[in-house]
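Asks: Dumping the structure here so I can ask a few things about it.
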Amino acid sequence: APERVPGRKRAAARRLAAAAGAWFYPLSAKGGAGGSGAPRLDALDAPRWVASIQIVCYHMYEKSQYVPGFARYATWMATWTQLFFLLSGFVLAYAELSKPPKTGSARPSLLRYVRRRLTVIYPAFFLSLLLKVASSPAKTAFQWSMLPLHVLLLQSWFPICQYDGGNVSCSPWLFNGECWFLSVLLLFWLFLRPLAGFFRRRGACFCVATMILCWAFSAVFHVLGHGNRLADLLGCTGRLCPMMIMVAIRAGPLGYAHVFVAGVAAARLFM
């Protein structure tokens, strides 16, 4: 009997690990699509890995003093974020467009669709938020007031900023600030199916024109953002208003909607 104890412990450890994995990633056995038969685009895995590594390097080395000369290069790695918004629009729209359109009770509700996507990412996000709050709790009333928005993944929907302890604090970058990306994605998921249905009824020429317009629209932020031109046009003064405009573009839906739409339009070209 004593010889069986280590085996029982290992079996119990395996069951515990499996239970933890099932809780964090309940759709892992079926894939992110929940086993709906959506195609998996394996060719996009390599670009995802390259983009992921570069974004991690950006967060690690942007302000690093230990790798001379690399910090300047690392600041450009943040531009890979746009690739993820483009890929998200492309992959999700491709999965929608590759299946016959469903109507009536056969069509999942929008709430169920978003819930299915959140089930994959939210447990890990919530755990990271808890760890961040436990290790670096908020220091001001404004920061604590923004915590419910982070719990609900709404922190990037609005550019909420305030003078906080002599500095300007903005909601998207509080606590686990890198997760502003997920908050923006959540809003885009709400519009994914209507967008996919819209482009399903459009031809290739319309989709190509949409992609060109989305690409050209990127220059709008470059022109208006240079030297706080947009803030000047709106009559903004002080530090708070220009910061809110910058946050709305760099960490909000406004700055990436055209990238996501371009991904949806590109998916239609492969149908």
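Asks: Grab the chain and count how many Lys pairs have their alpha-carbon atoms under 24 Å apart, sequence gap of 8 or more, or different chains.
Replies: 4
Asks: Bins of 5 Å, beginning at zero and ending with the bin holding the largest distance: percent of Cα pairs per bin for the chain, please.
Replies: 1, 5, 9, 12, 16, 16, 14, 10, 7, 5, 2, 1, 1, 0, 0, 0, 0
Asks: Say we join alpha carbon atoms closer than 10 Å with springs in a Gaussian network model of the chain; which of 138, 257, 13 then has the biggest fluctuation?
Replies: Fluctuation is largest for 13.
Asks: What is the Rg over Rh value, at two decimals, for region 140-271, using alpha-carbon atoms and the Kirkwood definition of Rh?
Replies: 1.05
Asks: For region 197-237, what ratio Rg/Rh do Cα atoms give with a Kirkwood hydrodynamic radius?
Replies: Expressed as Rg/Rh, it is 1.28.
Asks: What number, in percent, do you get for the relative contact order of the chain if the mean sequence gap of Cα pairs under 8 Å and at least 6 apart is divided by its residue count?
Replies: Working: 256 pairs, mean separation 69.6, N = 271.
The normalised contact order for the chain reaches 26 percent.
Asks: Give me D for region 105-205 in µm² s⁻¹, whole number, from Stokes-Einstein with Rh from the Kirkwood sum over alpha-carbon pairs, 10 °C and 1.306 mPa s.
Replies: 103
Values in this text are rule-based calculations from the coordinates and carry no lab data. Remember, it's a predicted structure, so these values are computed and weren't measured experimentally.
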